[in-house]
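All of the numbers you see were taken from the coordinates with simple rules; none came from a lab. Bear in mind that the values here come from a model prediction, so they are computed numbers and not experimental data. Virtual Cβ from ideal backbone geometry, glycine too; neighbours counted across all protein chains shown.
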């Protein structure tokens with residue numbers, strides 16, 4: 001556990017000192033501010049537009065950061081051979097990969113936190129009243145980021161090419177937002193395709209579960225619903241991380 | 001107990017592309033034993049299998065046949081990795097961390113106690129105390145090599161595996177490396193190093209192995225090359241001639257005018 005924390009800590013430090021990280025956070029904050037313009041065109045609901053665009057921007061930039069970073073995390077280390085001086089120490093590959101993944105998540109969450117603070121400040125300026133759903137929405141976005149990060153890590157180890165890994169990850173993200181449509185399609189087709197679509201439906205997490213902003217107007221979001229959503233993300237994240245570990249365990253350098 | 005034991009070690013790389021399979025042998029049937037406190041040098045041309053051998057000892061590669069033992073433990077294992085200090089040919093580090101941070105990071109992974117004190121001592125030892133808070137991206141090649149040496153010694157390993165330790169170093173740095181190797185021997189450390197530089201190897205090694213096309217063609221002790229008229233270089237050239245895939249550069253030694261020999 002101590003080694004996981006150590007690896008995570010130094011991964012976090014390394015990530016937040018990377019100029020690319022600052023650029024991405026800067027662009028995220030810029031888009032959040034730019035949403036003020038859209039809010040001005042929003043007619044009677046400028047706050048709602050500011051809220052939606054801001055939350056989407058926050059998630060999108062976190063997604064871009066985690067996607068690119070997770071894909072390059074191990075690939076770059078293998079190519080640059082920085083990994084040699086770690087795995088030739090008494091550290092298991094599980095410890096290494098989990099530590100690197102958690103450190104990367106911590107860095108992305110740091111960026112999300114900064115963007116969220118900016119967003120809340122802007123909302124407050126527009127007269128918005130802080131509600132508990134806001135941090136819950138951000139938390140669920142953060143969980144979606146964790147799942148996609150694990151997926152990106154798996155693809156990077158499986159395909160060994162950054163371009164194809166990022167492409168697969170983006171495709172997976174898109175598929176995850178059309179989960180209900182895939183299920184509906186499966187109910188309308190013949191046996192063979194039905195089985196294939198069922199496999200895709202269960203394999204790809206329904207990323208809509210993490211979009212609390214889509215249920216903003218729903219009056220009673222219960223604690224149990226939140227608990228199920230978190231559990232759902234945890235299971236899928238752990239599943240893809242386990243797949244990544246399985247591929248990584250047999251790698252030679 | 002032997003420090004390092006390689007038994008009938010073979011590594012074959014299999015590459016599958018569409019319907020074809022290509023098999024390349026990295027190293028073949030290497031059997032070698034290195035005693036405690038010995039400095040062993042592995043010589044070979046480019047592509048002979050030196051780095052492959054080192055990676056097999058470290059567990060970075062899995063042998064196709066045969067096995068490796070370090071201090072009686074099978075490779076790979078935690079016990080082996082605790083006893084080994086590794087210096088890669090070209091050290092790569094996390095460039096946004098400082099020298100101090102990277103050594104604390106490695107020290108934590110190697111389960112070192114009193115790590116702050118140990119890191120300070122090792123940075124002082126390699127002459128980097130004054131730049132410990134500088135990011136590694138700003139380090140020169142020589143400074144990075146010193147960081148690499150520091151990380152290899154940080155956890156006081158019994159066995160050191162150095163891959164081309166003087167590669168790319170200036171003469172002063174080579175002299176310092178030679179001094180370090182001699183000091184490590186005096187401390188009873190076992191050192192396994194690979195190198196191209198025969199002149200350096202023959203100064204520090206107790207025994208040398210010559211690799212050609214993945215096979216260990218000869219091992220010899222210091223007194224054998226010391227008593228040979230052409231020294232270690234002649235023995236090496238005789239053993240590896242013809243093993244390179246490349247042709248020799250066609251320079252005839254009895255012709256003094258080089259211009260007549262180089263094509264237009």
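Structure remark: mean-square fluctuation, Gaussian network model of chain A, C-alpha springs under 10 Å; the largest value among A:243, A:125, A:55 belongs to A:125. Its alpha carbons considered, region A:2-249 gives a radius of gyration followed by a Dmax of 19.3, 62 Å.
Take the convex hull of the alpha carbons in chain B; its mean projected area over all directions comes to 18.8 nm². Considering only alpha-carbon pairs that sit under 8 angstrom and 6 or more positions apart, the relative contact order computed for chain A is 25 percent. Computed from Cα positions, the angle between helix B:141-153 and the longest principal axis of chain B comes to roughly 70 degrees. Classify the protein assembly as shown as rounded, prolate or oblate, taking a ≥ b ≥ c as the square roots of the eigenvalues of its Cα gyration tensor: rounded when a/c is under 1.5, otherwise prolate if a/b is larger than b/c and oblate if not. Since a/c reaches 1.5 and a/b is larger than b/c, the shape of the protein assembly as shown is classed as prolate.
Quick check on region A:104-143: take the gyration tensor over C-alpha atoms, sort the square-rooted eigenvalues as a ≥ b ≥ c, and tell me if it's rounded (a/c under 1.5), prolate or oblate. In terms of gyration-tensor shape, oblate. Centroid-to-centroid, using Cα positions, region B:31-107 and region A:222-238 are 43 Å apart. For chain B, the longest principal axis of the alpha carbon atoms and the long axis of helix B:171-186 meet at an angle near 70°.
Residues A:194, B:83 in ascending order of nearby Cβ atoms (within 10 Å, fewest first): A:194, B:83. As a proxy for reagent exposure, A:148, A:228 were ordered by neighbouring Cβ count within 10 angstrom, fewest first; the result is A:228, A:148. Distance between the modelled labels on residue B:74 and residue B:20, one decimal in nanometres: 3.7 nm (7 Å Cα→Cβ projection). Annotation: the antiparallel percentage among DSSP beta bridges lying fully within chain B is about 55.
Restricting attention to the protein assembly as shown, close to 55% of DSSP beta bridges with both partner residues there are antiparallel. By other beta-carbon atoms within 10 Å, ranking A:78, A:226, B:177 with the fewest at the front produces A:226, A:78, B:177. For region B:40-106, the relative contact order comes to 15 percent (Cα pairs under 8 Å, sequence separation of at least 6). Only Cα pairs within less than 10 Å get springs; with that Gaussian network setup on chain A, which residue of A:100, A:89, A:133 has the largest fluctuation? Of A:100, A:89, A:133, the Gaussian network model singles out A:89 as fluctuating most.
Among A:141, A:80, A:179, which one moves the most in a GNM of chain A with springs linking Cα atoms closer than 10 Å? Of the options given, A:80 has the highest mean-square fluctuation.
Separation of region B:12-30 from region A:1-51 is 47 Å, based on Cα centroids. Report the Cα centroid-to-centroid distance between region A:169-205 and region A:127-149 in angstrom, as an integer. Measuring centre to centre over Cα atoms gives 26 Å.
Calculation over all alpha carbon pairs of region B:105-166 in 10 angstrom steps from 0 returns a P(r) of 20, 54, 25, 0 percent.
So what's the angle, to the nearest 10 degrees on a 0 to 90 scale, between helix B:115-125 and the longest Cα principal axis of chain B? Orientation of helix B:115-125: about 50 degrees from the principal axis. Above 18 Å, the calculated P(r) of region A:141-253 contains 57 percent of its Cα-Cα pairs.
Helices in chain B, meaning DSSP H runs of at least 4 residues, each add -39500 (n - 2.57). Divided by all residues, the mean residue ellipticity at 222 nm is -9500 deg cm²/dmol. The calculated 222 nm mean residue ellipticity attributable to helices in chain A amounts to -27000 deg cm²/dmol, summing -39500 (n - 2.57) over DSSP H runs of n ≥ 4 and dividing by all residues.
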